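Report on one structure; see the data block that follows.
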Amino acid sequence: MTSINLLPWREKRNERLHKRLVTRLVLSAGIAVAIVIASMAYLDSMLGRQEARNNFLNQEITRLDAQLKEIQALKAKRERLLERLNAIQELQGNRPLIVRTFDELVDVLPEGVHYTSVTRSGESVAMVGLAAANEDVSALMRTLNDSVWFGEPSLSQVTAQTGLRRFNLSVPLERPQVEEASQ
């Protein structure tokens, strides 16, 4: 039999397979590098977009915080204005009450009694006065109690002074209903 030498053919085939393998490895490595670079670029762009969103949200939060502070300042200003308005309305509403209170103090004053001092503090009136007798002080207390403008009087002191009786009396103010006030 004749002998055929297949060695050069095998070497060529092995060399061709080796080149193909190296080419495929280089191509695979190139594709892998390209995929890694593309992934990094994509992730960087996503990170950049997210940072832009975060910056936008932070700017909006800052703007809304400023608006919230402005709203709170406006609410505080509104509360102060409402307090002023209520105080003015209360003063306007109390103006006739004060006049009526002093008018009523004159109406309930019996003979033989006069006031030396009348002071109003809050919702009560304190009176210091002189009376000819203790009965006159009692009459004053009864007429104060019968008035719709005053509550129950409280006598704190009665002292004798040169033939007269000096008394200290306090009485709470009442706000009668419209029907009672017109009587």
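The values are calculated or read from the model by the stated rules, or taken from the named source; none is laboratory data. All figures in this text were calculated on a predicted structure; none of them were measured in a lab. Backbone-built Cβ (ideal geometry, glycine too); neighbour counts: all protein chains shown. Heads up: the accessible areas ignore ligands, DNA and RNA and are worked out on the full protein's heavy atoms, side chains in. Shrake-Rupley method; radii C 1.70, N 1.55, O 1.52, S 1.80 Å.
Inside segment 111-125, residues that are of a type outside the set (Gly, Ala, Ser) and under 35 Å from the mean Cα position of the chain (by Cα) make up a count of 2. Within the set VAL33, VAL99, the sole residue that is β-branched (Val, Ile, Thr) and open to solvent by 90 Å² or more (accessible area, probe 1.4 Å) turns out to be VAL99. Tallying residues that are of a type in the set (Val, Ile, Thr) and open to solvent by 90 Å² or more (accessible area, probe 1.4 Å) within segment 63-96 yields 1. Test PRO176 against the stated conditions and say whether it is in a loop (DSSP other than H, G, I, E, B) and either surrounded by 10 or more Cβ atoms within 10 Å (Cβ to Cβ) or of a type in the set (S, T, N, Q) (or both). Judged against the criteria, PRO176 is a match.
Per-residue answers, yes or no, for (1) among the β-branched types (Val, Ile, Thr); (2) out of contact with any Leu (no Cβ under 6 Å at 6 or more places or on another chain); (3) not in a strand (DSSP E or B):
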| residue | (1), (2), (3) |
| --- | --- |
| LEU97 | no, yes, yes |
| PHE102 | no, yes, yes |
| LEU155 | no, no, no |
| ASN168 | no, yes, no |
| VAL171 | yes, no, no |
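Among the residues making up segment 145-167, those that are touching a strand residue (DSSP E or B) at 6+ places or on another chain (Cβ under 6 Å), open to solvent by 50 Å² or more (accessible area, probe 1.4 Å) and in contact (Cβ under 8 Å) with a residue 12 or more places away in the chain are SER154, LEU155, SER156, VAL158, LEU164, ARG165, ARG166. Could you please find all residues in segment 119-131 being open to solvent by 50 Å² or more (accessible area, probe 1.4 Å) and at pLDDT 90 or above? Matches in segment 119-131: THR119 only.
Condition test on ARG142, is it open to solvent by 40 Å² or more (accessible area, probe 1.4 Å), basic (Lys, Arg), part of a helix (DSSP H, G or I) and without any contact (Cβ under 8 Å) to a residue 40 or more places away in the chain? Answer is yes for this residue. Taking the conditions (1) in contact with a strand residue (DSSP E or B) (Cβ under 6 Å, 6 or more places away or on another chain); (2) in a strand (DSSP E or B) in turn, ASP136 satisfies each one other than (2). A Cβ distance below 6 Å, combined with a sequence gap of six or more or placement on separate chains, defines the contacts here; from segment 71-97, residues that are under 28 Å from LEU173 (Cβ atoms) reach no residue that is at pLDDT below 90 and open to solvent by 80 Å² or more (accessible area, probe 1.4 Å). Confirm whether GLU15 is in contact with a Phe, Trp or Tyr (Cβ under 6 Å, 6 or more places away or on another chain) and either of a type in the set (Val, Ile, Thr) or at pLDDT below 95 (or both). So GLU15 fails the test. Would you call LEU57 within 23 Å of the chain's Cα centre (by Cα) and either modelled with pLDDT of 95 or more or open to solvent by less than 100 Å² (accessible area, probe 1.4 Å) (or both)? So LEU57 does not fit the description; no.
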